[in-house]
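Laboratory data are not the source of any read-out in this text; all were calculated from the coordinates shown. Here the structure is a predicted model, which is why all the values come from computation and not from measurement. Quick reminder, even Gly has a Cβ in these numbers, built from the backbone with ideal geometry, and neighbours come from all protein chains shown.
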């Protein structure tokens, strides 16, 4: 993301003020699991997972409380997730929209959007703090999530400990005071809350800084060490070496992916699928909106295919096609182009998961969600990240 979506490489991090947020009390659950392993965790209680030098044991999860995020957008191998999602006894979801995740919850708590409540925000590398004024009242029974959690805390007997006696306005003012304290430490002179709120924004002044990556470290590596054990750029990691991992070297090295065009599986599925970020929305947000709908081709997400690959399969520009592999299948509209390398397909993420059958796992996904095709394995036993871009598929005209 640093080199692409958000452009933060080389940014002047030293002079960015992090806005304050609600304090987070200690979590009684100390063990954290990689989010990309959620299906493994739900499917394999008592199983083990290697992560960042630790050997974790998966718990037996009986209830899932999902607030923020959308696993039926960002997770891989959605048909496998459907299996896993049936394991817990209860699933509770906060949502303002009727997403695929909300549809598969036992309890949905309707919450407000950013247009229905007051807040302030700042990107982690922005120079602007923005006031987020409420534009419209909450829709019907939608509630501010702070109020939802305050009432839950009340039922559990610790409302005062959670709210500290503050309502929305009091919390905004308290967080602004903390943000101002941080800004002052960086040499800024922030306005008071009422001035900021009326103005709608506060721009942090620019500092004379070259914007060079690791600027302080380059000038004085002893005074400004990096966040590594040695404080230096490490080509070889003693810490990773100490983990004794079979699949990760303690230095940069290429490992053959399970799925790529050089793998034996490419004889069956000879096309490499890339699922990039969409240009018409952020992730899957507002996929039902006018901007996203206007970018569709014959009502569906477009998949880019090389001219030679399309010709070999009798696929014309705009044709309805089916992408498939051993994990699932989805529909899309073909974009025949020479801008995509031969042997590669590009299907952006963001289409809301929409299988033909809501009860039968593995049914045809009709919206063009590439995560019915991607594999749900970790990048390594060190990071356990997503391998969404290592995915082999085949494509054909769809006549159904």
*With all pairs of different alpha carbon atoms counted, what Kirkwood hydrodynamic radius in Å does region 278-372 show?*
13.7 Å
*Given that compact globular proteins tend to follow 2.2 N^0.38 Å, what is the ratio of the alpha-carbon Rg of the chain to that value?*
1.13
*Assuming a ≥ b ≥ c are the square roots of the Cα gyration tensor eigenvalues, decide whether region 112-203 counts as rounded (a/c under 1.5), prolate (otherwise, with a/b larger than b/c) or oblate.*
oblate
*Treating the angle as unsigned and between 0 and 90°, give the value, to the nearest 10°, between the Cα long axis of helix 168-185 and the longest Cα principal axis of the chain.*
80 degrees
*Taking the C-alpha atoms of region 173-268, convex hull volume expressed per residue in Å³*: 262 Å³
*asked:* On the principal axes of its Cα set, how long, how wide and how thick is region 13-203? Give whole Å, largest value first.
replied: 53, 45, 34
*Rounded to the nearest 500, what is the chain's calculated 222 nm mean residue ellipticity when only DSSP H runs of at least 4 contribute -39500 (n - 2.57) each, over all residues?*
-5500 deg cm²/dmol
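Å³ per residue of the Cα convex hull, for region 215-370?
Convex hull of Cα atoms, per residue: 205 Å³.
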*Given the peptides 327-333, 104-110, 70-76, arrange them by the average over their residues of other C-beta atoms within 10 Å, most packed first.*
327-333, 70-76, 104-110
*Could you work out which residue, out of 155, 143, 258, moves most in a Gaussian network model of the chain, that is, has the largest mean-square fluctuation with Cα springs under 10 Å?*
155
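Mind running the shape call on region 297-348? Use the C-alpha gyration tensor, a ≥ b ≥ c as the square roots of the eigenvalues: rounded below 1.5 for a/c, prolate if a/b tops b/c, oblate otherwise.
oblate
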*To the nearest 0.05, how large is the calculated FRET efficiency for residue 383 and residue 285 if R₀ is 22 Å and r is the Cβ-Cβ distance?*
0.25
